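Notes to accompany the following structure.
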Amino acid sequence: MRRHLFIFLSLLISVASTAQDTLPKLILVNQHRPSKKITLKNDWDTYFFTATGKYHGEVIALTDSSLQLMRYYKNGKDSSYTKKVRVSRRHPEGLKIKHLSLYTRDTIQLLLKDILIVRKPWINKRGWMLIPAYLLGGAILAVPLLPVAAITKGSAGVRNWLQFEALLLGISGPSLFIGTRHKKYVIGEKWKLVLE
């Protein structure tokens with residue numbers, strides 16, 4: 001049974017990987033040094049700037065002259081639902097109405113000749129940024145506890161608390177700064193977009 005499951009999973013993975021490879025790759029080529037190439041991932045983090053605006057989304061189709069993006073955007077409409085809350089002066093019935101923005105999914109086609117700038121992140125896989133984000137959130141949420149440290153331990157408690165805050169900020173700040181940086185590639189001056 002396990003052997004059949006292993007064979008089935010390996011076939012499923014190989015089919016999925018070949019399906020992903022059917023889409024041609026969009027590559028930035030340095031015009032001065034053609035050996036320098038950067039392969040753009042078909043993900044949401046790559047931004048394409050044209051004369052009419054900024055677009056990003058998953059690349060779902062590529063031709064010699066255009067690319068097609070699947071994108072999500074706010075459509076200007078709201079959805080609302082009722083949530084039970086504690087009875088108070090503000091909510092005498094114990095109910096609160098919450099509003100959520102609605103998003104629409106559609107596709108857009110961009111001509112390769114219209115793309116002026118491509119912006120992509122320095123680091124493609126950024127799941128590691130979750131830990132520094134939690135540390136930064138903890139540092140921000142812990143600021144109101146500074147008076148407690150001052151009352152219980154005096155100036156030594158304030159000093160220790162500020163050192164702890166500085167440690168959290170020192171770890172999370174640079175990590176988040178590096179992880180959120182993007183690099184811009186100006187098309188036409190130094191770089192050109194090609195399909196491979």
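The values are calculated or read from the model by the stated rules, or taken from the named source; none is laboratory data. All values reported here derive from a predicted model rather than from experimental measurement. Here the Cβ positions follow ideal geometry from the backbone for every residue, glycine too, while neighbour counts run over all protein chains shown.
When the strands (runs of 3 or more DSSP E) confined to the range 79-196 are screened for residues that are of a type in the set (A, V, I, L, M) and farther than 30 Å from Ser66 by Cα, those reaching at least 1 such residues are found at 95-111. Against the list (1) within 24 Å of Gly53 (Cβ to Cβ); (2) free of Cβ contacts under 8 Å to residues at least 60 places away in the same chain; (3) of a type outside the set (A, V, I, L, M), the condition Lys120 fails is (2).
In the range 150-171, the count of residues that are surrounded by 15 or more Cβ atoms within 10 Å (Cβ to Cβ) and within 30 Å of Val29 (Cα to Cα) is zero. Screening Lys125 on (1) charged (D, E, K, R); (2) exposed (fewer than 12 other Cβ atoms within 10 Å of the Cβ); (3) at pLDDT 85 or above shows it passes everything except condition (3). Within the range 140-179, being of a type in the set (Val, Ile, Thr) and either within 25 Å of Lys37 (Cβ to Cβ) or in contact with a Leu (Cβ under 8 Å, 6 or more places away or on another chain) (or both) holds for Val158, Ile171, Ile178. Taking the range 71-106 as the range and being farther than 30 Å from Thr46 by Cβ and touching a Gly at 6+ places or on another chain (Cβ under 9 Å) as the test, the residues that pass are Lys84, Val85, Arg86, Val87, Ser88. Please verify whether the range 95-106 includes one or more residues that are within 22 Å of Leu195 (Cα to Cα) and either among the β-branched types (Val, Ile, Thr) or surrounded by 10 or more Cβ atoms within 10 Å (Cβ to Cβ) (or both). No: zero hits. The listed residues are Lys190, Lys113, Lys184, and the only one of them that is surrounded by 11 or more Cβ atoms within 10 Å (Cβ to Cβ), within 17 Å of the chain's Cα centre (by Cα) and among the basic types (Lys, Arg) turns out to be Lys184. Scanning the range 47-78 for residues that are in a strand (DSSP E or B), of a type in the set (D, E, K, R) and surrounded by fewer than 15 Cβ atoms within 10 Å (Cβ to Cβ) yields Lys54, Lys74, Lys77, Asp78.
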